[in-house]
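See below for the structure under consideration.
The values are calculated or read from the model by the stated rules, or taken from the named source; none is laboratory data. It should be emphasised that the depicted structure is a prediction, and the values quoted were computed from it without experimental measurement. Quick reminder, even Gly has a Cβ in these numbers, built from the backbone with ideal geometry, and neighbours come from all protein chains shown. All accessible areas refer to the heavy atoms of the entire protein, side chains included, with ligands and DNA or RNA removed. Shrake-Rupley method; radii C 1.70, N 1.55, O 1.52, S 1.80 Å.
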Amino acid sequence: MKRIVGLAAVLLSGSLTAGAAQAGVEKLYILNCGEGVAGDISRWSPGVNEGKSMDFVDTCYLIKHSQGWFLWDTGIPDAVAAMPDGLKPADPKAVTWKRPKTLASQLEQIGVNPADLKGMGVSHTHPDHIGNVEMFPTTMLYVQKAEYEWPGADNKPRFKPEHPVTLLEGDRDIFGDGSVTILSTPGHTPGHQSLQVKLPKTGEVVLSGDAVHFKSNWENRGVPVNNVSKDQTLASMERISGVLTKDKAQLWINHDKAQRDGQKLAPEFYE
Ligand SMILES: [Zn+2]
């Protein structure tokens, strides 16, 4: 009899545990942070597809961790949503960006206030990734020191000096449990970084940032002409490749429209 009661207690406690929120990452939302057309795709893949245009997407990722919300990249500025012809680049070979949906409206749909974010990270400081950083003026920003101190146009700082920031010199385990980890992947810019996320059902995912821009460049190790270091870019790709193998992780490429067209977008989410 005692043994049966004991078994019942185990089963009961088991079901209680299963019902409680588990620690770690609970959900990951893919947000539409811009859609664009590149004038000449060979800018990203030297010698390949010269003069051909290609559609790009721009992606942000919102992570619900048991300790709080974390945003990865902030996309094209929301103000571009009001520009019917989009944001034209100085170089016609680059991307003309549009904003079919604002970041603010997607957060609202999910039920997240900007002040709710516990932290945010940006892969790097190009304008299609930092466009809405100041929508979250009190949120801790995780960025590599090398990126933060990289002089901008006219030697201007890359971020408002008053924005709370944690300057990194390498990798960082954001929540201390190995579920959300910034990976240092320089080359596209001096302090470029990627993000590794451990999802309970989907498994491990690496969010590329601009360590690579689209699948064929990943497969052929193509390095865009404007990257600050070709050697670092190739080393970072090898590093990511090692992570994918070791942790059986998927690579989600920020700007790859073909890949993103096959993914669930917010308010749907990955677990
Ligand atoms: Zn980009």
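At-a-glance table
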item	result
Unmet requirement for Val206, which otherwise passes all of (1) closer than 25 Å to Pro114 by Cβ; (2) of a type in the set (A, V, I, L, M, F, W, C); (3) part of a strand (DSSP E or B)	(1)
Residue list for the stretch 106-131, filter: free of Cβ contacts under 8 Å to residues at least 12 places away in the same chain and either under 15 Å from Gln193 (Cα atoms) or within 14 Å of the ligand (Cβ to nearest atom) (or both)	none
Residue in the stretch 80-94 that is over 19 Å from the mean Cα position of the chain (by Cα), within 14 Å of the ligand (Cβ to nearest atom) and under 19 Å from Ile253 (Cα atoms) present	yes
The stretch 250-271, residues that are open to solvent by less than 20 Å² (accessible area, probe 1.4 Å), over 22 Å from Ile110 (Cβ atoms) and either among the β-branched types (Val, Ile, Thr) or more than 16 Å from the ligand (Cβ to nearest atom) (or both)	Ile253
Every pair of residues 6+ apart whose Cβ atoms lie under 6 Å, when the first sits in the stretch 255-271 and is without any contact (Cβ under 8 Å) to a residue 60 or more places away in the chain while the second is assigned to a loop (DSSP other than H, G, I, E, B)	Gln259/Ile253
Test: residue in the stretch 132-153 that is within 15 Å of the ligand (Cβ to nearest atom), modelled with pLDDT of 95 or more and over 15 Å from the mean Cα position of the chain (by Cα)	yes
Unique residue being within 16 Å of the ligand (Cβ to nearest atom) and touching a residue at least 24 places away in the same chain (Cβ under 8 Å) when the list is Leu62, Leu31	Leu31
Qualifying residue in the stretch 215-236 (condition: within 16 Å of the ligand (Cβ to nearest atom), part of a helix (DSSP H, G or I), of a type in the set (Val, Ile, Thr) and more than 17 Å from Asp128 (Cβ to Cβ))	yes
